[in-house]
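K.L.:
Dropping the structure in here first, questions after.
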Amino acid sequence: MATVENSSKAPEPLKIDVESSSVKKLAPGLITGFTKSFVMHGNNDVQVFINDVNAQNAVVGSLTELDGNNQPFLGLASMDVHNMCPFNGGFYARLSVGWPSNLRVRLNFISS
């Protein structure tokens, strides 16, 4: 019998950095921040590295479109955060941008 490869395996995630100046400690074990800007469209997995997050944290986020000056604005594209999964030293996020071409975005997050 032939072996079938698991076709549902996710592709290698896009690695995204966090603006160190964006991370704020709100209380012990509670942080908020945002990533550096990046471009995407369609569905993508991203891997975000931040030392203040570990596998036992809860992480929630939102995706924001940015204008030419890297300022957030509400454009016409739909943007979704489908899943977030913490690991020791960061988190993964499965994102979707409903637009046919790349848009500049950033991922905002809070973790406890």
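The values are calculated or read from the model by the stated rules, or taken from the named source; none is laboratory data. This structure is a prediction, so every number in the text was calculated from the model and none was measured. Ideal geometry is used to build each Cβ from the backbone, glycine not excepted, and the neighbour counts take in all protein chains shown.
K.L.:
When the residues of the range 3-23 are filtered to those that are at pLDDT below 90 and surrounded by 14 or more Cβ atoms within 10 Å (Cβ to Cβ), which remaining residue is farthest from SER101 (Cα to Cα)?
P.N.:
Of the residues in the range 3-23, the ones at pLDDT below 90 are 3-14, 16-22.
In the following step, the residues that additionally are surrounded by 14 or more Cβ atoms within 10 Å (Cβ to Cβ) were identified as 13-14, 16, 18, 22.
On the way: PRO13: 19, LEU14: 17, ILE16: 19, VAL18: 24, SER22: 27 Å.
Once the filter is applied, the top-ranked residue is SER22.
A quick yes/no check of all residues on (1) of a type in the set (A, V, I, L, M, F, W, C); (2) over 10 Å from the mean Cα position of the chain (by Cα):
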{"position": "ASP52", "(1), (2)": "no, yes"}
{"position": "LEU63", "(1), (2)": "yes, no"}
{"position": "GLY68", "(1), (2)": "no, yes"}
{"position": "PRO86", "(1), (2)": "no, yes"}
{"position": "PHE91", "(1), (2)": "yes, no"}
{"position": "VAL97", "(1), (2)": "yes, yes"}
{"position": "ILE110", "(1), (2)": "yes, yes"}
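K.L.:
Now, a different point. Mind listing whichever residues of the range 29-60 are free of Cβ contacts under 8 Å to residues at least 60 places away in the same chain and on the phi > 0 side of the Ramachandran plot?
P.N.:
Passing the criteria: only GLY42.
K.L.:
Which of the following residues is part of a strand (DSSP E or B), surrounded by fewer than 13 Cβ atoms within 10 Å (Cβ to Cβ) and on the phi < 0 side of the Ramachandran plot: LEU63, LEU26?
P.N.:
On the way: LEU63 fails: surrounded by fewer than 13 Cβ atoms within 10 Å (Cβ to Cβ).
Exactly one residue qualifies, and that residue is LEU26.
K.L.:
Turning to a different aspect of this structure: VAL81 is checked against (1) at pLDDT 95 or above; (2) surrounded by 16 or more Cβ atoms within 10 Å (Cβ to Cβ); (3) of a type outside the set (Phe, Trp, Tyr); (4) assigned to a loop (DSSP other than H, G, I, E, B) and fails just one. What number does that condition carry?
P.N.:
(4)
K.L.:
Only residues that are aliphatic (A, V, I, L, M), surrounded by 14 or more Cβ atoms within 10 Å (Cβ to Cβ), assigned to a loop (DSSP other than H, G, I, E, B) and in contact with a Pro (Cβ under 7 Å, 6 or more places away or on another chain): list them for the range 34-60, please.
P.N.:
Selection gives VAL53 alone.
K.L.:
I need the full set of residues from the range 20-71 which are in contact with a Lys or Arg (Cβ under 6 Å, 6 or more places away or on another chain) and of a type in the set (Asp, Glu), in order please.
P.N.:
Initial filter on the range 20-71 (in contact with a Lys or Arg (Cβ under 6 Å, 6 or more places away or on another chain)): 31-32, 34-35, 37, 39, 45, 47, 64, 66.
Answer for the range 20-71, where residues must be in contact with a Lys or Arg (Cβ under 6 Å, 6 or more places away or on another chain) and of a type in the set (Asp, Glu): just ASP45.
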